[in-house]
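First the structure, in the form of structure tokens, and then the observations on it.
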Amino acid sequence: MKVKRQDKVATVILYLIAGTIILVLASLLAFILIQGLPHVTWHFLTTPARSFEAGGGIGIQLFNSFYLLVLAMVISVPLSLGAGIYLSEYAKKNWLTSLIRTAIEILSSLPSVVVGLFGFLIFVIQFKFGFSILSGALVLTVFNLPLLTRNVEESLASISSMQREAGLALGLSRWETVTRIIVPEALPGITTGMILGAGRVFGEAAALIYTAGQSAPALDFTNWNPFYIASPLNPLRPAETLAVHIWKINSEGIMPDAVAVSAGASAVLIIAVLVFNLSARWFGQHLYQKMTGSGKKGA
């Protein structure tokens, strides 16, 4: 009886801890959404910000956030796939591989402000990219690459070794086995990790303050030439993102309706991150069911 009572007490304590965490998270999300959603309108989402007068929006900052995200993922996804495939399928177990994995673990735990300062010294100053979208995309790649690489490696490592042996037994080369059997089998996990990584960098602020800049110059949305200075696609222009904008308007205090803009922008940011996380779960499960046929009913 004493053991059963201890088990019940431990179970109740675990439920209380889990419930407290869920309650705190739900309260935080509810507070941000209740405070911010009344300010979110089409005008708010498409109008440029205003510094010394009320009525501004987050149009340019929202576009900058998505543009930076796309560029960062275009750079980091191929690199993480290549690194993850090498570490999982080709790398030998020696001190060099252990050193690489240790370095990945250390890089993935670095504070984003440290990564931002690194990007400032290397990309902004040394490479002379200045405060630009390109500098921001590169520093986001450095920030996100270790986690994406580890996700790819773990997804590939979770595939049974029998799959590899079957591919080799059929006469496929090692590369063909990896690309035609192992990677497709691990694709749901890889895709889920990529989407979660995208949500992580979408809400990043500290690393971008030192690289992408804290200004959002006027853009000409009628000119999509990436070499035009006011073009939205120009990678060498400064780009204040949504997360940086929230930090900036609360620290400067030069916007009359800073509280309303900050609340609305926070709600939009929270919704975007929630969409990334929920879509990652749905897309991963959908892709897994489609590739394995587990969602189909038997005839």
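The values are calculated or read from the model by the stated rules, or taken from the named source; none is laboratory data. Bear in mind the structure is a predicted one, so any value in this text is a computation, not a measurement. Backbone-built Cβ (ideal geometry, glycine too); neighbour counts: all protein chains shown. For the accessible areas, the whole protein counts, side chains as well, though only heavy atoms, and no ligand, DNA or RNA atoms are used. Shrake-Rupley method; radii C 1.70, N 1.55, O 1.52, S 1.80 Å.
What is the residue count in the range 1-49 for residues that are among the small types (Gly, Ala, Ser) and closer than 30 Å to residue 257 by Cα?
5
Within the range 232-281, restricting attention to residues that are among the β-branched types (Val, Ile, Thr) and within 30 Å of residue 188 (Cβ to Cβ), which residue is surrounded by the most Cβ atoms within 10 Å (Cβ to Cβ)? Before the answer, list the steps.
Going through the range 232-281, the residues among the β-branched types (Val, Ile, Thr) turn out to be 241, 244, 246, 249, 254, 259, 261, 268, 270-271, 273, 275.
Add one more test, that the residue is within 30 Å of residue 188 (Cβ to Cβ), and what stays is 241, 268, 270-271, 273, 275.
Values: 241: 34, 268: 22, 270: 17, 271: 16, 273: 16, 275: 13.
Out of the qualifying residues, it is 241.
Just the residues that are among the polar types (S, T, N, Q) and open to solvent by less than 80 Å² (accessible area, probe 1.4 Å), please, taken from the range 118-134.
132
Look at residue 24 and say whether it is in contact with a helix residue (DSSP H, G or I) (Cβ under 7 Å, 6 or more places away or on another chain), hydrophobic (A, V, I, L, M, F, W, C) and under 28 Å from residue 208 (Cβ atoms).
Values: in contact with a helix residue (DSSP H, G or I) (Cβ under 7 Å, 6 or more places away or on another chain): no; hydrophobic (A, V, I, L, M, F, W, C): yes; under 28 Å from residue 208 (Cβ atoms): yes.
Judged against the criteria, residue 24 is not a match.
Residue-by-condition table, conditions (1) part of a helix (DSSP H, G or I); (2) under 30 Å from residue 64 (Cβ atoms); (3) in contact (Cβ under 8 Å) with a residue 24 or more places away in the chain:
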| site | (1), (2), (3) |
| --- | --- |
| 172 | no, no, no |
| 183 | yes, no, yes |
| 190 | yes, yes, yes |
| 194 | yes, yes, yes |
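If you go through the range 24-32 one residue at a time, do you hit one that is touching a Leu at 6+ places or on another chain (Cβ under 7 Å), more than 30 Å from residue 183 (Cβ to Cβ) and touching a residue at least 12 places away in the same chain (Cβ under 8 Å)? So that I can check it myself, show each step before the final result.
Step one: of the range 24-32, the residues touching a Leu at 6+ places or on another chain (Cβ under 7 Å) are none.
No, because not a single residue in the range 24-32 is touching a Leu at 6+ places or on another chain (Cβ under 7 Å), more than 30 Å from residue 183 (Cβ to Cβ) and touching a residue at least 12 places away in the same chain (Cβ under 8 Å).
Considering only residues that are open to solvent by 50 Å² or more (accessible area, probe 1.4 Å) and not in a helix (DSSP H, G or I), look in the range 198-214 and name the one that is modelled with the highest pLDDT.
Once the filter is applied, the top-ranked residue is 210.
Within the group 70, 40, which residue is under 17 Å from residue 272 (Cα atoms), among the β-branched types (Val, Ile, Thr) and open to solvent by less than 50 Å² (accessible area, probe 1.4 Å)?
Going through 70, 40 in turn, the sole match is 40.
Output the residues belonging to the range 244-299 that are modelled with pLDDT of 85 or more, over 18 Å from residue 215 (Cα atoms) and of a type in the set (Val, Ile, Thr).
259, 268, 270, 271, 273, 275 - these are the residues of the range 244-299 that are modelled with pLDDT of 85 or more, over 18 Å from residue 215 (Cα atoms) and of a type in the set (Val, Ile, Thr).
Does residue 236 qualify as being assigned to a helix (DSSP H, G or I) and among the aliphatic types (A, V, I, L, M)? Step through it out loud before you land on a result.
Details: assigned to a helix (DSSP H, G or I): no; among the aliphatic types (A, V, I, L, M): yes.
For residue 236, the condition - assigned to a helix (DSSP H, G or I) and among the aliphatic types (A, V, I, L, M) - is not met.
Being modelled with pLDDT of 85 or more, polar (S, T, N, Q) and surrounded by 14 or more Cβ atoms within 10 Å (Cβ to Cβ) is the requirement here; does residue 222 meet it?
No: the conditions fail for residue 222.
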